[in-house]
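Working notes for the structure below.
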Amino acid sequence: MNKSQVIEAIYENGVLKPTQPLNLKQQQVVQISLNSEFKTDYPHISKTPGICGGRPVIRGTRIPVKVLVNHYRMNEKVTDILAGFPNLTASQFYAALSYYYDHQSEIDADMEADELSSLLKQFNLVVNADGVLSPKN
């Protein structure tokens, strides 16, 4: 009789790494089923390949954590932020802040990559005096 067992693993750089050691018999056949959504310790936050580049978002939406954090950093009132995202609840917003403070370097690096200077460097572009983008010579 075939018995099914769930084994959690993380896929990084082409390698599937179990989170705990496996107790497998020699030449045992293993069937792998992948869950496309990465679980987090935050019920309102998910990371899913193909949604916002796998970056953390509010679960069930395409609202990145970094976007909410950026609004908050600009000293916008929470009520104003929530008004701008009508489907977002206060608990989802505060979960995004909680995730940010626990993963600050990850989110800060993601926000920095979106800055104009980083994008210009990445795509080898310059902004001329008229504000037009052109390839760097």
Estimated dipole of region 36-122 in Debye, rounded to 20 [Cβ of Lys and Arg +1, of Asp and Glu -1, Cα centre]: 240 debye
Full-extension gain between Ala90 and Leu24, please, as 0.36 nm times their residue separation minus the C-alpha to C-alpha distance. 19.2 nm
Consider all pairwise Cα distances in region 36-122 and report the whole-number % of them above 16 Å. 52 percent
Pairs beyond 30 Å (Cα-Cα), from Lys77/Lys136; Lys47/Lys121; Lys77/Lys121; Lys47/Lys77: Lys77/Lys136; Lys77/Lys121
Taking region 66-121, which trypsin sites (Lys or Arg not before Pro) meet the DSSP loop condition and have no more than 13 other C-beta atoms within 10 Å? Lys77
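No lab work stands behind these numbers, since they all come straight from the coordinates. As the structure is a computational prediction, the values presented were derived from the model and not from experiment. Reconstructed Cβ throughout: ideal geometry from the backbone, glycine too, with neighbour counts over all protein chains shown.
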